[in-house]
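Read the structure below first, then the notes.
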Amino acid sequence: MITRMLNDPRAAVRLVREIEGIALRLAPRRVTLMEVCGTHTAVIVKSGLRRLLPKNIQLVSGPGCPVCVTPPGLIDAAITLAGRPRVILVTFGDMLRVPGGGGSLEAARAGGADVRVIYSPTELFALARENRSSRIVFFSAGFETTAPSVAWTLMQAERSGIENLFVIAANKLLPPALEVLAQAPDLRIDGFICPGHVSAIIGASAFEAVARTHHVPAVVSGFEPVDILLAVLMLLRQVQAAKALVEIAYMRAVTFGGNRRAQVIIRTVFKRVDSEWRGFSLIPDSGLGFTKGYARFDAVMEAGMAVESGRPAPGCMCGEILRGVKSPEECGLFGTTCTPETPIGPCIVSSEGTCAAHYNQKTAGIDDF
């Protein structure tokens, strides 16, 4: 049914009318729903979904950008490694211009460091084989969606005897962050719109602790405007019924169990570790470190480095924006000192960053906030 709805503009109208009916019955209560996926944020802003919702239904953006939540100290460590002799620092494109405490990887490349962009971890094989006298260091930032491909690449590297490949493990796990947000004293969340691609890997059941322990409903959504409106409607139905369940509005791609094979691959190479997030400090069991059998791939350990916490730039509100307690427009740097061309914080660099989505719409002359 949802596949037919995606191509039917009338479906959005029907969903909005149902949302308006529930919102009217909930009024004057204000309901705050958080999307925790940068792609959802971009779709919501671009399609003007906020303008379609009743005044007492608020959408706020959460920590849905993996590049943005990477702490500045880890970026500084990557920059330091990139500056060492016979090191090729490899990363995804979104990370290239993210500022740390001492510049960016793009600036390091301009200064002579060998920094390269790849689109898939499988490209690391060729790099390692073609540059046997260099250490290939992959800065792996991402959520659960990229973790299986990184883990599989390292499994193949181990079998192939590749010895010059190393990884800065910066992958994050979303469910622990949602548990922190569910308890946040400065922002009451009434429901989470969860990312479909992450859920396709870990399964919708991974969010059950959020609903069961913290009594905040969660709905897994796809990435079309109709998908998101359906997720909003399903959350409002739960709020109206005083329920807190995990539901799937993206059944064409997501199950409660997820991709079991991908989960096994992740667990073979990585283990859960406490991890620092920009804006959150340390979140228990929210990151991926190496298992004993794959510890030799740890670039930080191999280099004998200690990663410092690092500090965000003065005046930058990316931390508060990632927690949903501030909007980009409340940051004094947004759109003036901090732009995509001259980034101060990471949220305006990545295509999944909240500030980037708001800035793009602002410069296009569209007011959706």
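The values are calculated or read from the model by the stated rules, or taken from the named source; none is laboratory data. As the structure is a prediction and not an experimental result, all values here were calculated from the model. For neighbour counting, all protein chains shown are included, and Cβ atoms are generated from backbone atoms with ideal geometry for every residue, glycine included. Ligands, DNA and RNA are excluded from the accessible area calculation, which covers all protein heavy atoms including side chains. Shrake-Rupley method; radii C 1.70, N 1.55, O 1.52, S 1.80 Å.
Take every Cα pair under 8 Å in the chain that's 6+ residues apart, average their separations, divide by the length, and report that relative contact order as a whole percent.
Numbers: 728 pairs, mean separation 82.2, N = 369.
Value for the chain: 22 percent.
Could you pull the accessible area for ASP285 with a 1.4 Å probe, rounded to 10 Å²?
70
What is the Cα convex hull volume of the range 192-307 when expressed per residue in Å³?
It is 132 Å³ per residue.
May I ask you to derive the FRET efficiency for MET305 and SER160 from their Cβ-Cβ distance with R0 = 22 Å, giving the value to the nearest 0.05?
E(calc), rounded to 0.05, equals 0.25.
Tell me the angle of helix 225-240 to the major Cα principal axis of the chain, expressed in degrees between 0 and 90 and rounded to the nearest ten.
Helix 225-240 and the main axis of the chain meet at about 60 degrees.
If you rank HIS197, HIS215, HIS40 by how much accessible surface each has, with a 1.4 Å probe, what is the order from largest down? Show your work: numbers first, answer last.
Numbers: HIS197 70, HIS215 135, HIS40 0 Å².
I get HIS215, HIS197, HIS40, largest accessible area first.
Taking a temperature of 4 °C and a viscosity of 1.567 mPa s, what whole-number D in µm²/s does Stokes-Einstein yield for the range 126-273 with Rh from Kirkwood over alpha carbon pairs?
Calculated translational D: 76 µm²/s.
Looking at the range 117-202, which trypsin sites (Lys or Arg not before Pro) are DSSP coil and have at most 14 other C-beta atoms within 10 Å of their C-beta?
ARG132, ARG188
Looking at the range 211-293, which trypsin sites (Lys or Arg not before Pro) are in a loop (DSSP not H, G, I, E or B) and have at most 13 other Cβ atoms within 10 Å? Walk me through the numbers before you get to the answer.
Details: sites: ARG212, ARG237, LYS243, ARG252, ARG260, ARG261, ARG267, LYS271, ARG272, ARG278, LYS292; in loops: LYS243, ARG252, ARG278.
Passing both the DSSP loop test and the Cβ count: LYS243, ARG252.
Test of understanding: extend the Cα→C-beta vector of GLU330 to 7 Å, then name every residue of the range 169-210 with backbone N under 14 Å from that spot.
Of the residues in the range 169-210, 185-189 have backbone N under 14 Å from the label point off GLU330.
Take LYS271 and ALA242, extend 7 Å from each Cα along the Cα→Cβ direction, and tell me the distance between the two endpoints in nm.
Once both label points are built, they end up 4.4 nm from each other.
In Å, what Rg and Dmax follow from the Cα atoms of the range 18-124?
20.4, 65
Tilt of helix 9-26 relative to the longest C-alpha principal axis of the chain, in degrees (0 to 90, nearest 10)?
70
Any idea how many Lys pairs in the chain come in under 29 angstrom at the alpha carbon, given 8 or more places apart or on separate chains?
14
Taking the Cα centre of the chain as origin and charging only Cβ (+1 Lys, Arg; -1 Asp, Glu), how large is the dipole, in debye to the nearest 20?
Its charge dipole is roughly 660 debye.
Distances longer than 36 Å among the Cα atoms of the chain: what percent of all pairs is that?
23
With all protein chains present, calculate the accessible area of VAL219 using a 1.4 Å probe and round the result to the nearest 10 Å².
0
If you fit an axis through the alpha-carbon atoms of helix 38-47 and take the longest principal axis of the Cα set of the chain, what angle between them do you get, 0 to 90°, nearest 10?
Roughly 50 degrees between the two axes.
Out of PRO99, PRO314, PRO148, any idea which swings most in a Gaussian network model of the chain, alpha carbons joined below 10 Å?
Of PRO99, PRO314, PRO148, the Gaussian network model singles out PRO314 as fluctuating most.
Stretch ARG86-ASN360 to full length: gain in nm at 0.36 nm per residue minus the Cα-Cα span?
Numbers: separation 274, 0.36 × 274 = 98.64 nm, distance 3.86 nm.
Contour length minus Cα-Cα distance gives 94.8 nm.
Would you kindly state how much longer the chain becomes between SER120 and GLU341 on full extension, computed as 0.36 nm times their sequence separation minus their alpha carbon distance, in nm to one decimal?
77.0 nm
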